[in-house]
1. If you project the alpha carbons of the chain onto the principal axes, what extent comes out on each, in Å, largest first?
2. Rounded to the nearest whole Å², what accessible area per residue is found for the chain with the 1.4 Å probe?
3. Work out the length of the dipole vector of region 1-88 about its Cα centre, built from +1 on the beta-carbon of each Lys and Arg and -1 on the beta-carbon of each Asp and Glu, and round it to the nearest 20 debye.
4. In nm, to one decimal, how far is the modelled label at Arg23 from the one at Glu57, with both set 7 Å along Cα→Cβ?
5. When the solvent-accessible surface of protein heavy atoms is calculated with a 1.4 angstrom probe, in what order do Glu104, Glu63, Glu52 fall, highest first?
6. How much of the accessible area of the chain, probe 1.4 Å, is carbon plus sulfur, in whole percent?
7. Put one equal scatterer on each alpha carbon of region 55-124, apply the Debye formula with no solvent term, and list log10 I(q)/I(0) at q = 0.15, 0.22, 0.23, 0.27 1/Å to two decimals.
Amino acid sequence: MSTQEEKRKYPRLSISDRSYGIRLRVNGSAVQDLHLVNLSAGGCGLEIQMAEARYLEMGDLLESVFLDHPDLPFVPLSAAVVRMLGKVAGKTGGYVLVGLEFQEITPFVRDLIADHVMERLKQE
């Protein structure tokens with residue numbers, strides 16, 4: 001087991017299936033052209049166009065984050081930006097990988113996400 005896996009509190013599902021989506025707003029505007037790349041009960045990873053990520057910073061708290069999949073709860077979540085890879089001064093194209101950690105998530109919603117992730121991991 002790697003050091004990274006040992007630090008994870010919840011199992012993580014890597015996502016390549018475009019049936020998974022995510023919706024969020026930054027500075028009052030909906031973020032376009034973003035993709036959910038992984039999901040756990042503790043948070044998620046996103047791939048966001050550099051132009052859309054220009055207003056995001058480490059530590060930002062995002063409100064009204066919605067997981068968009070028929071088997072997941074479609075409820076507003078808050079999430080903190082805990083990782084950003086690929087955002088560098090002068091970079092104007094490509095993607096940024098953004099790690100979000102869910103904040104103040106109810107145990108019920110967390111369990112629904114955790115159960116979904118575990119079920120999908122069993123199918124792999």
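The values are calculated or read from the model by the stated rules, or taken from the named source; none is laboratory data. Worth saying up front: this structure is predicted, and the values here are computed from it rather than measured. Positions of Cβ are backbone-derived with ideal geometry, glycine not excepted, and every protein chain shown enters the neighbour counts. Remember, those area values only see protein heavy atoms, side chains included, never the ligands or the DNA or RNA. Shrake-Rupley method; radii C 1.70, N 1.55, O 1.52, S 1.80 Å.
1. 42, 33, 26 Å, listed from the longest principal axis down.
2. Working: 7380 Å² over 124 residues.
Ligands and nucleic acids excluded, the figure is 60 Å² per residue.
3. Details: 10 positive and 11 negative charges, 35 e Å.
Charge dipole, region 1-88, about its Cα centre: 160 debye, nearest 20.
4. The modelled label-to-label distance comes out at 2.8 nm.
5. Values: Glu104 175, Glu63 105, Glu52 60 Å².
Order by accessible area, largest first: Glu104, Glu63, Glu52.
6. With neighbouring chains kept in place, the figure for the chain is 50 percent.
7. -0.63, -1.01, -1.05, -1.18
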